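Data first, discussion second: the structure below is written as structure tokens.
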Amino acid sequence: MNNRVRALVGAWERSSRRAAIFEYPIREMQARGWIAQTDDTEQLESELLRFFGGWPEVPPLTQPTAPSRNRDGFRVPSTSE
């Protein structure tokens, strides 16, 4: 691998690690004094590990489902008797 490719791979790995860190409310946690005020990725990882005692599982975000509707956008009342 040449140096340019290594640099791109390294940058991608750093940015994906940073994106994973910011899945958490970092600024709020820092404002409350729960973790140190820093922008360094390595230190943020250390602070989160210290705070949580390990990496917690982040539940996947789910998209709410819309209620069923007819073509006009309204529910059709049942009239079967």
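Derivation of every value follows stated rules applied to the coordinates shown; laboratory data play no part. Just so you know, these numbers come straight off a predicted model, no measurement behind them.
Counting 0.36 nm for each residue step from L49 to E13 and taking away their Cα separation leaves a gain of 11.1 nm. With N the number of residues in region 3-52, Rg(Cα) / (2.2 N^0.38 Å) evaluates to 1.30.
Rounded to the nearest whole Hz, the Karplus-based 3J(HN,Hα) values (6.51 cos²θ - 1.76 cosθ + 1.60, θ = phi - 60°) of region 6-20 follow the sequence 4, 5, 5, 5, x, 5, 5, 4, 5, 5, 6, 5, 5, 5, 5, with x at glycine and proline.
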